[in-house]
Amino acid sequence: MKQVAILISGGGSNMLALVRDMAEGGYARPVLVVANDPTAKGLERAAAQGIPVAAVDHRPFGRDREAFEAALAAKIDATNPDILCLAGFMRILTPGFIRRYQGRMLNIHPSLLPKYPGLHTHARALAAGDAEAGCTVHEVTAELDAGPLLGQARVPVLPGDTEDRLAARVLAREHQLYPRVLRRFAVGDRTPLLLP
Ligand code: GRF
């Protein structure tokens, strides 16, 4: 059975969606949830599910990204994962770290890539007057938010939408999309999944 390590920075709602789907589908199992912030709420939520957790606080490493990533990779590699899922992980990873896991590392991004790579995706969609928004799961490559597309889900932008309302609508779709993509990826199917 494929072993999955999940990297988080915050609440971990996407992590929980993945964990629940793995428990239900039995196609993979979570072997680690690791955060770059020891206070990330997702760590408690993962531990409550009986999943091994770890934290590597990036702050003591300052600008030395490589040193932070070496500590992070040590925690990850100790659990011998087949697949890594970035789920609300908010640190930029260096090409060196990505090369280590390329081809087996996924990320979910809250926009319809290639639109709006980077941050503040919902504010940008609203400012542009887009009629729809959504989320994308992609393979992680050295170029930020630009790897091969594995799945997308769309939502309407509604009149009067605020950033928070749109973010909540997209987040609900993230929780549908990411597990479905992981199911496919775990059996080697990289066909992009476009949710209706
Ligand atoms: C979500 O907005 C998601 O789009 C992005 O990180 C945010 C927090 O996700 N990837 P989570 O609740 O920590 O999974």
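The values are calculated or read from the model by the stated rules, or taken from the named source; none is laboratory data. Small disclaimer: the values here were computed from a predicted structure and weren't measured. Positions of Cβ are generated from backbone atoms using ideal geometry, with glycine treated the same way; all protein chains shown enter the neighbour counts. Areas reflect the complete protein model, heavy atoms only, side chains present, ligands, DNA and RNA absent. Shrake-Rupley method; radii C 1.70, N 1.55, O 1.52, S 1.80 Å.
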Lone unmet requirement of (1) among the aliphatic types (A, V, I, L, M); (2) open to solvent by 60 Å² or more (accessible area, probe 1.4 Å); (3) within 11 Å of the ligand (Cβ to nearest atom) for MET1: (3)
GLY88 in the same structural domain as ARG20 (by TED's automatic domain parsing) and touching a Gly at 6+ places or on another chain (Cβ under 7 Å): yes
The one condition in (1) closer than 17 Å to VAL137 by Cβ; (2) within 13 Å of the ligand (Cβ to nearest atom) that ARG45 fails to fulfil: (1)
Selection within the stretch 103-129 - surrounded by 19 or more Cβ atoms within 10 Å (Cβ to Cβ) and either among the basic types (Lys, Arg) or assigned to a loop (DSSP other than H, G, I, E, B) (or both): PRO110, SER111, LEU112, LEU113, TYR116
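Among ALA35, ALA40, ALA54, ALA70, which is the only one that is away from the ligand (no atom under 11 Å from the Cβ) and touching a residue at least 12 places away in the same chain (Cβ under 8 Å)? Spell out the reasoning first.
Numbers: ALA35 fails: away from the ligand (no atom under 11 Å from the Cβ); ALA40 fails: away from the ligand (no atom under 11 Å from the Cβ); ALA70 fails: touching a residue at least 12 places away in the same chain (Cβ under 8 Å).
One residue alone meets the criteria, ALA54.
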Test set (1) among the β-branched types (Val, Ile, Thr); (2) within 11 Å of the ligand (Cβ to nearest atom); (3) more than 30 Å from PRO38 (Cα to Cα) - VAL155 fails condition number: (2)
Residue in the stretch 177-194 that is within 30 Å of ARG59 (Cβ to Cβ) and either over 15 Å from the mean Cα position of the chain (by Cα) or of a type in the set (Ser, Thr, Tyr) (or both) present: yes
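If you check VAL53, VAL4, which single one turns out to be out of contact with any Phe, Trp or Tyr (no Cβ under 9 Å at 6 or more places or on another chain) and within 25 Å of ALA146 (Cβ to Cβ)?
On the way: VAL53 fails: within 25 Å of ALA146 (Cβ to Cβ).
VAL4 is the lone residue from the list that is out of contact with any Phe, Trp or Tyr (no Cβ under 9 Å at 6 or more places or on another chain) and within 25 Å of ALA146 (Cβ to Cβ).
For (1) touching a helix residue (DSSP H, G or I) at 6+ places or on another chain (Cβ under 6 Å); (2) away from the ligand (no atom under 15 Å from the Cβ), each residue gets a yes or a no:
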site	(1), (2)
ILE92	no, no
PRO95	no, yes
ILE98	no, yes
ASN107	no, no
PRO117	no, no
GLY129	no, yes
ALA133	yes, no
ASP145	no, no
PRO148	no, yes
